[in-house]
Amino acid sequence: MLGTVSRQLKSHPALIPLLIFIGGGCAMSLTYLARLAIRNPDVCWDKKNNPEPWNKLEPTYQYKFYAVNVDYNKLKKDRPDF
């Protein structure tokens with residue numbers, strides 16, 4: 001395999017920058033994904049000691065939901081009050 005790649009690179013030297021940039025992009029994306037997996041506190045890698053990590057969350061834990069500042073009192077009600 002490497003022999004065919006080296007023959008192609010010798011006959012088409014314009015492929016060298018392409019392979020360098022593709023290899024660099026792959027390396028950077030793998031580094032970024034590894035960093036996310038290591039530093040994210042919401043990811044649980046230890047399945048034996050903490051199989052359900054959401055049970056240990058406190059009521060004041062800030063979830064990663066997108067929230068828009070909305071005044072819920074001004075919203076139109078589409079259901080009756082019980």
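Key figures for this structure:
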{"item": "Counted residues, the range 1-43 - those being within 30 Å of Leu57 (Cβ to Cβ) and in a loop (DSSP other than H, G, I, E, B)", "result": "4"}
{"item": "Residue match in the range 31-53 (condition: among the hydrophobic types (A, V, I, L, M, F, W, C) and at pLDDT 85 or above)", "result": "yes"}
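The values are calculated or read from the model by the stated rules, or taken from the named source; none is laboratory data. All figures in this text were calculated on a predicted structure; none of them were measured in a lab. Positions of Cβ are backbone-derived with ideal geometry, glycine not excepted, and every protein chain shown enters the neighbour counts.
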